[in-house]
Structure formats: C-alpha cells, structure tokens
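We did not get these values from a lab; they are worked out from the coordinates using the rules stated. Everything quoted here is computed from the prediction, not taken from an experiment. No Cβ is skipped: glycine too gets one built from the backbone with ideal geometry, and neighbour counts run over all protein chains shown.
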Amino acid sequence: MLFGSRLASEVYAPWKGEYLNYDGLKKLLKENVYPLEWTAEDETRFVEALDAELEKTYSFQTKTFESLSARLGHIEDTISNSNINGKDGSEQFDCTKLEPEIEDILVMSQQLDKFTRLNFTGFTKIVKKHDRIHPEYSVKPLMQVRLNALPFHSEDYSPLITRLASLYAFLRANSGSSTAASASAKLQSLSNDQEAEFTSYKFWVHSENLMEVKTRILRHLPMLVFNAARNNDDNESESYDPTITSLYFDNPDFELYDAKLQKNDVSPSLRIRWYGKLSDNQEVTLEKRSIEHHAEDEYVPDEKINLKLKNVQPFLTGEFSLEKYIQKMKDRHIITDNEIDGFKTTANSLQSFISEHNLQPVVRAVYKRTAFQIPGDDSIRIAIDSDVTFIREDSFNETNPSRNRTDWHRTDIDDSTVKNPLSLLKNDQYAKFPYSILDIRIKNPRHKAESKDIAFSSSYSNSLSKQQQLLQNFNTKKLKWITDLTSSHLVKEATNFSKFIQGVASLFAEYDKLDSLPYWLPELDKDIRIDPKQAWEKEREDKKKLKISGGIRIKEAPKFDVVPEEEDSNHRELISRGYRSQSTEAINNNFADYDNESIADEEFEHELEQELDHEASLERSQNNHYGSTLQRNTSKKPNHKRVKSKFSIPFLYNKDNVSKLSFDSEDEEVVLPPGVFKPKTLIRQQGPVKVETKVWLANERTFNKWLHITTLFSALTFTIYSSVNAASDSELATLVAYILFGLSLFSGIWGYFTYMRRLNAIKARSEAHLDNIVGPIIVAVALLGALIINFTARWIALKNEVARDPTINSFWL
C-alpha cells in the first residue's frame, strides 16, 4: 500500500483535519510535471507549506497530550476527594462510572501515538522525496532544525502510562472488572517491553570513544574469543572480533518490520546467521524469534535449526525433503531419536511461517562483534557491534532485483575471491551505520512478590527511561561500574534500537510500501559526542530529577478493601499477560511494605527539601573533582509517622529507597576480592629513595645561586653604609643601605627555605610543584623600589641646587 493511501485509510476520523496534508505537499513538488521547472518561488512555497504543516501537527499533538493529562488529573482529584470526604470509600464512590472515562483516555493515548508515528513518517518521506527530485534545494537540514524546535515525535508517554496503570490497578482491586484486566495489553503496546529473563540496554558509541569503552569493560569482564581454532592464514584480528552476518527476512509489505516497530501483540523475526565469510562455512543457522507482548513470558523460546548451504534454498521454497535429511543425520549419528521430534517440529514450524507470510531475504547486516562475559556466568553479557553495514538483499524490483530470485543470498558479494564486497555495490544498495552498538544484557532474578507489588513496580519502571532503570536496578557495588559507563559522555542511549529496523529504514525509506519509520532516524544526523563536563552536569541533573520524582506520588485513592488474590482472577490475568516488573529486587523492595504504610505529605516534602539542600552543599564542597561522588547518609531513615490504609494508588517512588547513582557516595567502602588487602602505604613510597644525581645537584645549584645573590646584596649594603658620611644626603643613603640589608637577609632565608622544601619533596616523591615565584618577585620589587627612591631623591636635590645657583648646567633637568 502506498503511504498516501495508508495515511488516508488510517486517519482517526475526529482528527482528520489535523493530519499532515501529504498529497498536497506532493502536488507542490511537481513530481509528474514535464518538463520539470523548479524555481526559487516554488521552493519557498513548498517550505512554507511544510513548516505550516509541522506547526499544525505539533500544536495539535501538544494540546491533545495536555488535555489527556488534565483529564487524568481530574480523575485522580475525584478519587482523592472521595477518599477524604467519605468515612468508607465504598459507600461514596462507584468505580463503574470511572471505568469508561479511563478506557477512553487509554484509547485516545493509543490514537495519539499512532497519529505521531504516521505524521513523523510522512514528514520524513516527503523531505526525502523533495531532496531526490530537487537536489539543488536540500530541505533536510531545515527540517532537522524545525523538528528540534517542534519535537512532536519525541513526546514521552511514560507519565500517561504510569498514571493509567495505577488507576487500572485501583479498578482491578476494587471493582473486579474485566475491562481493567484486558487493558494491560494496550498499556504494553505503549510501553517499553522487556525480556523476562534478561533486561537489555542499548547505546550508541562514537568511533572516537570506542577504545575507551572497551578498556573500561575489560577491567571488569574478560573478552570472549570467537573461532580461536581458525586457520593460521586468516587475519589475526578475525579470531577476536569475528565478522557476523545476519540475513533478515520480510515480505514486500514489510509485515515483520511493521510488527516489530509498532509492537503488535506478536512480533516475529526471521534471519539466517553465519560467522566470517560464507565460503568458509558449511552450515548456517536459520532462527525465528517471536515476542508476544501479552503473554506471561514476553519472549517465546527461539526456534532455530542448522542447515547446510546447499539445503537452504530448497528449505525456503518448500522443496526440502525433511524425512530424508533426518535419516541422513541419524545414519551419521548427528541426531538422536529423542531429538528427532523436536527437530521435525521446529523445521515444520519454520517452513510454515515462511510460506504463510511469503518471506524472502530483504536486508543483510554485517558487523564485527566484541563480546565480554565471565565464562560460565551469564548474569552480565556485553556485546559491541562495530563497522555495521546494511546491504539490500531483496528481489522486489522484478526488472533489476538486488538478489537473484533463484538463490537465497547475493552471490556477487559472497564470492570468496572478492576482498572488498562493497566496491561491487551501488550507493543505494548499502548503508553504513555511523556508530557502534553497545548492548548490555543483565539477567533478572525471579521475583516472588505479591501481584499488587508487581503491578506497582511495573508502573514505576515504565515511568523511567531505559538508562534510568539501569541506574535504579543495578546500583550495587559490584555493578556500579556499569552505571558509571552508561551515564558517562562515552555512550548515548538508544532505546528500542534494532539492527533489523535500522537496516530496512535506511535502505527502503523511499519505498512506497514502507509505512513507518523509527523515531531515532533524526538522531543519526547529529553529533552524539558530548563534552565530559556537560555529561557530568547532566548526570547530576538526572539524579536531582530522580530524587524529586521520588517525592511525587499520585493522590491517595479511596480506602477500599483489596479483593483477595485467590478471588481476583482479573488481577492474576494481568500478571500472566506480562505485566511484570522490569527491575530487580531493589524496586520490589521499594513497594514491599506499601500496603501497610504511607507517608504524610508535609513531612515527606520537608524531608525531601532538607535532603536536596544537603546535597547542594556537598556539591559545592566537592566541585573541584570531576566525577566525584556526593556524600549522602542513607543509613538513617526518617522517623515518619505511619498511617494504616486499606488500599490507595501506589507511591510511584519511595525516596527512602532512592538508589545511589554513580556519584552518590565518595566515601563508599570499596569491596576488595578475597585475599586482597588495602595497602598501608602507597607503592611509590615503599623501598629506598632512588633519585637521579642531577636532581640533587639541581637543587643544590639553586641554593648556591641564592647564596650568590645574598653575598652581592651584603657587599652592596656595607659599601653604601660605609660611605654615608661622603654622601650628599646621609639619611637617604642610610635608608637605601637598610633596604639592601633587608634584602640580604631575605634572600639568604628564602634560599635555605626553598632548598629544604624541595629536598623533602624529592625524598617523599611528591607530585607537588617545585617552583615558587614569590621570592624572586619580592627581591625584584624591593630592589626596584630602592633604586626609585635613590633616583627620586637625587633628582630633587639637583633641582634645588639649580634653583640656588643658575649658573649650573640644567640640561638633564
């Protein structure tokens, strides 16, 4: 479907006039006019229309978002007032009246998200079409500036999701409505879904920072070596950073791409993967991965099989004889009888999936991977994919396909004799990704919390960005280095980034059937490098925002009785649909005692204000150390008066459990490995002092220079003092002699002081500066003052003599 047709078919009727006028902008481009004459007036007309459409879209999106937020605020006020005015909330409040309003807000939020995505894709497509048709007038830079000023596509829906989730939790616990339970799937489509077993955090790394990122990780995790047993004639670097090729499948309508980008209920993906050159491999891996956002475990186990190269094409076309292949593997003892059923089920499932969706290879991702992991311990897995290149593998164009339809891969670039495959491709056949991709996967512990705690934790975690969740969830001493890395200037967070989505979007952006584009595309035109000082200041601001958000909670709801867990099937269904906390036990602990305790607002805000003031004073006292930590006393918990409650909308964040960021505690005790002890003295201060002879001689030479200056001043002092009677002004001569005598004493004392100070610094191997300009400046100023006094006095005396005797030669006056 063409994008203009899709835009017209998916328009939300009440908002029809607020969408981008895509067809109108296309007419202004004069795409089908011959001969094509594009003047400056035409360009001005198009740019003005484009800017007007952008302002219209931004204004409507902002107004609608604020309206939804205000409606939620009204509902929260209604619940809070009912709780305050009624002794028993169940007699004063009817949840059935609240449910349709919340459901309408949820539907509107989904429509607003779709509205934003459609318009963003439309603006991106129309700008690319303009620059392709009229390359002499490039609009892309102007569009980037206007998107930065009117960022309708970067609105964070997490606050709405969090508040809606809390209200639905209230409805489930008090009304038992099935609507509240079914709304969880809708909420998941707007939130950032996470893997049940692992939590993945993705970042972009600039090439200038790549080596520093790798060395930071190497201090804590060993690097895995791939294919160590390869032939000796291979490139040595290949054994450490192997080239991985992923061949992604899709159909001409980009069903898998859209499902993954828009987070449909089921988001499957299919790829063929191999290491190194294809000619060096006998087998490749065909694997399917499905994400079910409404299921108990979001990630379904992967389906994968290994196929010989000659069997790949028959397998994809359905001509592959599965029974014959299984019999061969049995004869060669490659597969056991117990594994046959599983292999057969997987193979049939993959073939059916390919046939039903008419899948074919679409895009190839080639990259070098550096992996870090402790062998036998998968709690932390880090991978860095660098030199990422995307190559077209489709055969959509019947007259000029990128790949031969009778083969499953491009044979031109997979030829073993070709050293530089990209040299064979046209510019529109491949795209290089400008950054490296850092993927941090941390294994989540299995939580056995009560259902309400899980829902509350999920609501809270949805309100944070992926990087903030990482800071909150894994801020133990053992994993503190991860928060230091991810909050530094070396990386940029790339939430929901996917190589498959990026490859399709970068190579098929102008393809008419590509209906949606990822939001991160404009970020690729920016420089992600950040000044370290700015990154540090941003880190402090993020910490303050987290701490302030810890003091904000949704107003307390009516104190209804909680429906028992064994009777609340809707509540259990919500949990089974993946409404699971994305965080570790730290977040669950924040809400573990929620049902029994709540903090009075005035006391909470007062304590928060004191804590922020204390933090500000600590920052001022430590502002000379970049990256230094802020000292906080978190061991003492405030003695708040606790109030019992039956049920209320949860605290979004408990400030008493604010997890420390990477700079929270400068005096934090360092945990040393077993058998390692903290040294009592520094290594540089141990053993005998070994200093080169020239260092001692240089210090003594300086002392001798000062003694020489002292001797000169002394000789000059006694010479002037002994000739005072012969001077024309005896008082002046005496004053100058005293000044020079003072300089003699000072230079001698200063020389000895400097000599001893440098001697002690050399013995202690101190890093302190050995230079000191105070002494020479004092000597110079005092000597200059003595000369000025002597000159001035002699000048005045000569003028007086001339005044008394005019016959004296006054030329020099």
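Can you tell me how much longer the chain between E48 and S349 gets when fully stretched, taken as 0.36 nm per residue apart minus their C-alpha distance, in nm with one decimal? Walk me through the intermediate numbers first.
On the way: separation 301, 0.36 × 301 = 108.36 nm, distance 5.27 nm.
Result for the pair: 103.1 nm of gain on full extension.
Take the Cα of N397, step 7 Å along the line toward its Cβ, and report every residue of region 422-441 whose backbone nitrogen sits under 13 Å from that point.
Residues 425-430 fall inside that zone.
Output the peptides 717-723, 532-538, 512-518, 116-122 sorted from most to least packed, where packing is the average of other Cβ atoms within 10 Å over each peptide's residues.
On the way: 717-723: 14.7, 532-538: 13.0, 512-518: 19.9, 116-122: 22.3.
Most protected by this proxy first, the peptides run 116-122, 512-518, 717-723, 532-538.
What is the dipole size for region 693-804, taken about its Cα centre, with +1 at each Lys and Arg Cβ and -1 at each Asp and Glu Cβ, in debye to the nearest 20?
Numbers: 10 positive and 6 negative charges, 81 e Å.
The dipole of region 693-804 has a size of about 380 debye.
D77 to H357: FRET efficiency via 1/(1 + (r/R0)^6), r the Cβ-Cβ distance, R0 45 Å, to the nearest 0.05?
Numbers: r = 48 Å, r/R0 = 1.08.
Efficiency computed from Cβ-Cβ geometry: 0.40.
If I take every Cα pair under 8 Å that is 6 or more residues apart in region 332-431, average their sequence separation and divide by the length, what percent do I get for the relative contact order?
On the way: 90 pairs, mean separation 20.1, N = 100.
Relative contact order here is 20 percent.
Normalised by the number of residues in region 1-155, what is the relative contact order in percent for Cα pairs under 8 Å and 6+ residues apart?
Details: 81 pairs, mean separation 51.8, N = 155.
Computed over region 1-155, the figure is 33 percent.
Return the distance in nm (one decimal) between the two label points of a simple spin-label model at L784 and K678, each offset 7 Å from Cα along Cα→Cβ.
For the pair L784/K678, the computed spacing is 5.1 nm.
Using the per-residue mean of other Cβ atoms lying within 10 Å as a proxy for protection, in what order, highest first, do the peptides 250-258, 162-170 fall? Before the final figure, lay out each step's value.
Details: 250-258: 18.9, 162-170: 24.8.
The most tightly packed comes first, giving 162-170, 250-258.
Once amide H atoms are built 1.01 Å from N in the peptide plane, which residues 5 or more positions from F198, or in another chain, come under 5 Å H to H?
Amide H neighbours of F198: N444.
Just for the Cα atoms in region 207-434, what are the lengths along the principal axes, largest first, rounded to whole Å?
Its Cα atoms span 49, 47, 44 Å along the three principal axes.
How much length would be gained if the chain were fully extended between R273 and K324, taking 0.36 nm per residue of separation minus their Cα-Cα distance, in nm to one decimal? Intermediate results must be reported in sequence, preceding the final value.
Details: separation 51, 0.36 × 51 = 18.36 nm, distance 2.40 nm.
Residue separation times 0.36 nm, minus the Cα-Cα distance, leaves 16.0 nm.
For region 1-155, what is the per residue volume of the convex hull drawn over the alpha-carbon atoms, in cubic angstrom?
Numbers: hull volume 18.0 nm³, N = 155.
Normalising the Cα hull of region 1-155 by residue number yields 116 Å³.
If I model a spin label as a point 7 Å beyond the Cα along the Cα-Cβ vector, how far apart are those points for D378 and H769 in nm?
A separation of 5.7 nm, rounded to one decimal place.
For a Förster distance of 35 Å, can you work out the FRET efficiency between the beta-carbons of A149 and S200, rounded to the nearest 0.05? The partial results should precede the final answer.
Values: r = 32 Å, r/R0 = 0.93.
Rounded to the nearest 0.05, the efficiency is 0.60.
Ranked highest first by the average count of other Cβ atoms within 10 Å around their residues, in what order do 491-497, 779-785 fall? The partial results should precede the final answer.
Numbers: 491-497: 18.6, 779-785: 13.0.
For the peptides 491-497, 779-785, the packing ranking is 491-497, 779-785.
Calculate one ³J(HN,Hα) per residue across region 416-426 by plugging θ = phi - 60° into the Karplus curve 6.51 cos²θ - 1.76 cosθ + 1.60, and present them in order as whole Hz with x for glycine and proline.
5, 7, 8, 8, 10, x, 5, 5, 8, 9, 6
Please list, in order, the residues from region 758-801 whose amide nitrogen is less than 20 Å from a point placed 7 Å along the Cα→Cβ vector of A698.
It comes to 758-776, nothing else.
Using the Karplus curve 6.51 cos²θ - 1.76 cosθ + 1.60 with θ = phi - 60°, what ³J(HN,Hα) values do you get for each residue of region 427-432, in whole Hz, with x for Gly and Pro?
Per-residue couplings from phi come out as 5, 7, 9, 8, 8, 9 Hz.
For region 693-804, what number results from the quotient of the Cα radius of gyration and 2.2 N^0.38 Å?
On the way: Rg = 18.8 Å, N = 112, 2.2 N^0.38 = 13.2 Å.
Scaled against compact globular proteins, the figure is 1.43.
Calculate the spin-label point distance for T215 paired with A803, positioning each point 7 Å from the Cα along the beta-carbon direction, and give it in nanometres.
7.5
For A715 and L745, calculate 0.36 nm times their separation in residues minus their Cα-Cα distance, and state this gained length in nm to one decimal.
Details: separation 30, 0.36 × 30 = 10.80 nm, distance 1.24 nm.
In short, 9.6 nm is gained.
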